[in-house]
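Here the structure comes first, spelled out in structure tokens, and everything after it is commentary.
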Amino acid sequence: MFHSVSKFPAWLIYITIVAIYIFSLFALVGHQQEETVWQFSEMLPILKYSVLQAGLSALFSILFGVLLARSFFYLDFVGKSILYKIISFVWALPSLVVIFAIIGFWGSAGVFAYFLQFLGLKWELQLYGLHGILLAHLFFNIPFVMKYSLDGLNLIPNGRYRLAAQLNLQGWNYFRVVELPTLKSILPYVFANVFLICFTSFPIVLILGGSPKYSTLEVAIYQAVTFEFDFAKATMLIMLQLAVGLLLQLLMDIASKMAFKETRQAPLPVELWKPKPFGWRKLGLQAVLFLQSSAIILPLVTILWAGISVSDFGERLLNPSLWQAVWFSFLLSLIASSVVLVLAYLLALETRKLAFANKKWQYGLLNSVATYPLIFPVFLLAVGLFVLLIDVELSSTQLLWLVGVCNGVILLPYIYRLIFAAMWHSFTAQDKLARSLGLTGFRRWWIVEKDHLIRPLISAFAFAMSSSLGSFAVIAFFGSPDFSSLPYLLYQQLGSYRTEDAAVTALVLMLFTLLPFLFIEHKEHIK
């Protein structure tokens, strides 16, 4: 907001975030009281499985996400915008709610199994293991891939569609000539994002893994700290994940340059022309839309039905522990959203000025801090603070601020990207006008930039609220019966097989996640 003083806060944020991670690492290393009997060679099976499940999840998410995006792009039907928003909402769902939806619909006692039993068929899917992990990751990431693929399809020039129509291109030839040239620059970036999300997946693998055979690095770190108290082993695993994270981030940087180069070179047409599908092609698109939409929406309906059909619904809904968790979740989400919005805004104020002035190395260095929560394992922050404060008795207020701020830092990569895009556009489009009027500081923001930024800021805050309501990684170490969020309570209920209580908690968590999501502005062109 105050451009003249944006430099000091931005670099202070950089130093503080780096110091927090370094401090957490030293606290963890310093807590090693003896050498672990665990060998480095034992990391290889965990690393291999982490890469395997993340690679398969990303590959299938790309495949199904692109197919779903094509159906939304080419088909016109009543309720299209509403259906798109419902599917997009899935990506904002907490992981534990996704797990409950997958178990309730695809499990051996789930809705799909009962449907097949009614038809005289038998359903024998082994949900606990690789199959369940892949199902949950697909459910979670297909909407994410769909969004970026749909954006890419909207970037295709009108002339390419008309040329394909004149040449009567069909099937693979149509995809190769018309869609692939644009999508191939965007999909590597999307693949890298999904791979990183699945590689660092924690609650999904923790619950649906079923055995140590299906453990990933983050689950192994959690087990090493909470069950084995082997901090030397946890340190080794964190360092390995850090090395992999650095490699993945390098690949993501390369992929993102390709993706956003394409978006800059291909502005969205004012009036988009696209061919109307007919015959078998239209039928295929409709089949993809129906099957994938059903596979996403029906598990959500399962959560709703499971929550309201339990015995003693009113009594379970009015459970004091549930509403205590709701209150703590709201406060944690409010703290996290406020913290990350301030951090992202102050960083973007300075980075956009550095980018505009073509100060590449300063921009690159300051801009990189927003990716550190992706590069550095979440558990480096959580475990480091847990070890540091293991002998300190913290009050509920102190725990609120500790967990809330950590959740906000974890969200920084996503909120910063949302805010920077809007702030960069506002700065480049309005800078000459502001300079000609002699506007600086708050007056510049209020007169020139406010109208361009207020809606993106509201959307970013709402997205942060919705996402942080489901945060689990940090509170997994600090939670207790007296300090419990909705995800932590749901994890305890699922772990103790209190399925009816878990059904009500999952329903409440889903509805509370939906409320801030309704305020998010969707700019996708799907009409």
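The values are calculated or read from the model by the stated rules, or taken from the named source; none is laboratory data. What you see is a predicted model; the values in this text were computed from it and never measured. Here the Cβ positions follow ideal geometry from the backbone for every residue, glycine too, while neighbour counts run over all protein chains shown. Protein only, heavy atoms only, side chains kept; ligands, DNA and RNA dropped before computing areas. Shrake-Rupley method; radii C 1.70, N 1.55, O 1.52, S 1.80 Å.
Using R₀ = 51 Å, calculate the FRET efficiency as 1/(1 + (r/R₀)^6) where r is the Cβ-Cβ separation of residue 15 and residue 309; round to 0.05.
On the way: r = 53 Å, r/R0 = 1.04.
The value I calculate is 0.45.
Among the listed pairs 48/85; 85/432; 184/360, which have their C-alpha atoms separated by more than 30 angstrom in this model?
Details: 48/85 36 Å; 85/432 37 Å; 184/360 27 Å.
Where the Cα-Cα span goes over 30 Å, the pairs concerned are 48/85; 85/432.
With a 10 Å radius around each residue's Cβ, average the other Cβ atoms per peptide and rank 380-389, 17-26, highest first.
Numbers: 380-389: 22.1, 17-26: 16.2.
Most protected by this proxy first, the peptides run 380-389, 17-26.
With runs of 4+ DSSP H residues as the only contributors, calculate the mean residue ellipticity of the chain at 222 nm using -39,500 (n - 2.57) per run, divided by the residue total and rounded to the nearest 500. Can you show the working numbers first?
On the way: 25 runs with 388 residues, N = 527.
Calculated from helices alone, the mean residue ellipticity at 222 nm is -24500 deg cm²/dmol.
Using a probe radius of 1.4 Å on heavy atoms only, what accessible surface per residue do you get for the chain? Whole Å² is fine. Let's see the in-between values first.
On the way: 24880 Å² over 527 residues.
Dividing the accessible area of the chain by its residue count gives 47 Å².
How would 280, 401, 123, 305 rank on accessible area, largest to smallest, probe 1.4 Å?
Working: 280 215, 401 140, 123 70, 305 165 Å².
Listed by decreasing accessible area, they come as 280, 305, 401, 123.
For residue 309, tell me the accessible area in Å² from a 1.4 Å probe, rounded to the nearest 10.
Counting only protein heavy atoms, the figure is 60 Å².
With a 1.4 Å probe and all protein chains in place, put 215, 108 in order of accessible area, largest first. Can you show the working numbers first?
Details: 215 10, 108 100 Å².
So, going from the largest accessible area down, we get 108, 215.
Mind grabbing the accessible area of residue 226 for me, 1.4 Å probe, Å², rounded to tens?
Accessible area of residue 226: about 40 Å².
What translational D, rounded to a whole number of µm²/s, comes out for the chain from Stokes-Einstein when the hydrodynamic radius is the Kirkwood one over Cα pairs, at 20 °C and 1.002 mPa s? It would help to have the intermediate numbers written out before the result.
On the way: Rh = 24.7 Å.
D, rounded to a whole number, is 87 µm²/s.
Round to the nearest 10 and report in Å² the accessible area of residue 46, as given by a 1.4 Å probe over the protein chains' heavy atoms.
30 Å²
Taking 0.36 nm per residue of sequence separation and subtracting the Cα-Cα distance, how much length would be gained by fully extending the chain between residue 283 and residue 388, in nm to one decimal? Mind showing how you got there, number by number?
Working: separation 105, 0.36 × 105 = 37.80 nm, distance 5.94 nm.
Residue separation times 0.36 nm, minus the Cα-Cα distance, leaves 31.9 nm.
Could you check how much of the accessible area of the chain is carbon and sulfur, as a whole percent, using a 1.4 Å probe?
Values: 16850 of 24880 Å².
Accessible surface attributable to carbon and sulfur in the chain totals 68 percent.
For 230, 451, give the ranking by accessible area with the largest first, probe 1.4 Å. Can you show the working numbers first?
On the way: 230 30, 451 115 Å².
Most to least solvent-accessible, the answer reads 451, 230.
Can you give the extra length, in nm with one decimal, that the chain gains between residue 115 and residue 395 once fully stretched, where that is 0.36 nm per residue apart less the Cα-Cα distance? Don't jump to the answer; show the numbers that get you there.
Details: separation 280, 0.36 × 280 = 100.80 nm, distance 4.93 nm.
Computed gain between residue 115 and residue 395 is 95.9 nm.
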